[in-house]
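The values are calculated or read from the model by the stated rules, or taken from the named source; none is laboratory data. Worth saying up front: this structure is predicted, and the values here are computed from it rather than measured. Cβ coordinates were reconstructed from backbone atoms using ideal geometry, including for glycine residues, and neighbour counts include every protein chain displayed.
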Amino acid sequence: MRKKIVAGNWKMNTTIDEGLQLAREVNRLVDNDPGDVLVIVAPPFSHLSEIKKVLSVVALSAQNCASENRGAFTGEVSAEMIKSTGAEYVIIGHSERRTLFREEDEILLKKVKLALESDLIPIFCCGEKLSEREQGKHFITVQDQLASTLFMLEDKNFRQIIIAYEPVWAIGTGLNATPEQAQEMHEFIRRLIGQHFNTDISDAASILYGGSCKPSNAKELFDNPDVDGGLIGGASLNANDFFAIVKSI
């Protein structure tokens with residue numbers, strides 16, 4: 001069976017003290033009521049090493065990594081550096097990185113490869129903008145994003161990837177894809193994986209939903225057969241809300 005996963009992307013929120021408090025509370029909730037869901041938190045870079053110290057049953061992820069491993073790149077943080085903090089995962093290709101920082105697929109593929117070389121597991125994001133969905137291009141957009149990135153990997157490397165489908169129009173807007181829309185796209189992504197690699201790999205791939213998922217709609221989304229969990233934004237900043245989402249699977 002493929003893994004059920006809920007990952008909390010804190011984005012640019014919390015001081016170190018606030019982050020430590022949040023991480024401790026999430027870890028306590030998961031520890032007191034363990035299930036078969038892999039729970040991951042992704043705090044800001046500055047928090048990683050300290051938060052690693054307070055986690056026992058929750059995994060740690062970075063929110064991004066550089067497209068180079070070392071050198072004169074002021075302000076960048078490499079996959080190798082992230083690994084040295086004790087983190088196990090890294091989010092790559094989030095829609096905010098694609099849109100605000102103009103990260104193209106060529107750059108994202110470099111990041112994925114560097115993450116894998118550093119023994120980090122990428123949580124790779126893909127998804128369409130509102131205009132692309134309105135024009136009926138949402139499937140083509142996602143297919144193109146995968147074709148120029150993850151589908152360039154060898155089988156053994158792709159097996160390590162977690163995919164997060166993000167309808168960009170539903171991130172931070174209060175909108176969300178209907179359960180039917182989420183299932184339709186997740187099923188499409190799984191079918192593409194099977195066509196490019198094989199059905200064993202597609203059946204094992206964890207595909208998360210990331211788009212204004214909250215306690216009130218999580219169960220309805222997660223009940224879909226091809227939705228294996230969520231990449232959670234705003235709701236992950238409240239430990240009880242985040243844990244409610246975890247328990248929705």
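Here I92 meets the list (1) surrounded by 18 or more Cβ atoms within 10 Å (Cβ to Cβ); (2) of a type in the set (A, V, I, L, M, F, W, C); (3) more than 13 Å from the chain's Cα centre (by Cα) almost entirely, failing just condition (3). Here is a list: L29, L20, L48. Which entry is in contact (Cβ under 8 Å) with a residue 60 or more places away in the chain and in a helix (DSSP H, G or I)? Within the list L29, L20, L48, the selection yields L29.
Taking A7, is it modelled with pLDDT of 95 or more, over 25 Å from V168 (Cα atoms) and not in a helix (DSSP H, G or I)? Considered against the rule, which asks whether it is modelled with pLDDT of 95 or more, over 25 Å from V168 (Cα atoms) and not in a helix (DSSP H, G or I), A7 comes out as no. Contact annotation: residue pairs with Cβ atoms under 7 Å, 6 or more positions apart or on different chains, pairing a residue in region 68-93 that is at pLDDT 95 or above with a partner that is among the aromatic types (F, W, Y), are V77/F45; I92/F124; G93/F124.
Would you mind stating whether S206 is polar (S, T, N, Q) and in contact with a helix residue (DSSP H, G or I) (Cβ under 6 Å, 6 or more places away or on another chain)?
On the way: polar (S, T, N, Q): yes; in contact with a helix residue (DSSP H, G or I) (Cβ under 6 Å, 6 or more places away or on another chain): no.
Answer is no for this residue.
May I ask you to verify whether I163 is over 15 Å from S212 (Cβ atoms), out of contact with any Cys (no Cβ under 9 Å at 6 or more places or on another chain) and not aromatic (F, W, Y)?
Against the criterion (over 15 Å from S212 (Cβ atoms), out of contact with any Cys (no Cβ under 9 Å at 6 or more places or on another chain) and not aromatic (F, W, Y)), I163 does not qualify.
Yes/no per residue for (1) under 16 Å from the mean Cα position of the chain (by Cα); (2) assigned to a helix (DSSP H, G or I):
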| position | (1), (2) |
| --- | --- |
| E184 | no, yes |
| L208 | yes, no |
| S212 | yes, no |
| S216 | no, no |
| E220 | no, yes |
| D226 | yes, no |
| G230 | yes, no |
| A235 | yes, yes |
| I249 | no, no |
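Pairs linking a residue in region 160-171 that is among the polar types (S, T, N, Q) to a residue that is at pLDDT 95 or above, with Cβ atoms under 8 Å and 6 or more positions apart or on different chains, are Q160/L116; Q160/I121; Q160/P122.
Figure legend. Inter-residue proximity from region 108-122: first residues under 18 Å from E76 (Cα atoms), second residues assigned to a helix (DSSP H, G or I) and acidic (D, E), beta-carbon distance below 7 Å, spacing 6+ or different chains. Indicated pairs: S118/E80.
Consider region 213-234 and keep the residues that are free of Cβ contacts under 8 Å to residues at least 60 places away in the same chain and farther than 25 Å from S202 by Cα. The one that is surrounded by the fewest Cβ atoms within 10 Å (Cβ to Cβ) is S216. Are any of the residues in region 175-194 under 19 Å from Q63 (Cβ atoms) and buried (at least 24 other Cβ atoms within 10 Å of the Cβ)? Within region 175-194, none of the residues are under 19 Å from Q63 (Cβ atoms) and buried (at least 24 other Cβ atoms within 10 Å of the Cβ).
Within region 45-79, can you find the residues that are within 21 Å of V6 (Cα to Cα), surrounded by 15 or more Cβ atoms within 10 Å (Cβ to Cβ) and either in contact with a Cys (Cβ under 9 Å, 6 or more places away or on another chain) or polar (S, T, N, Q) (or both)? Listed by number, the residues that qualify are S61, Q63, N64.
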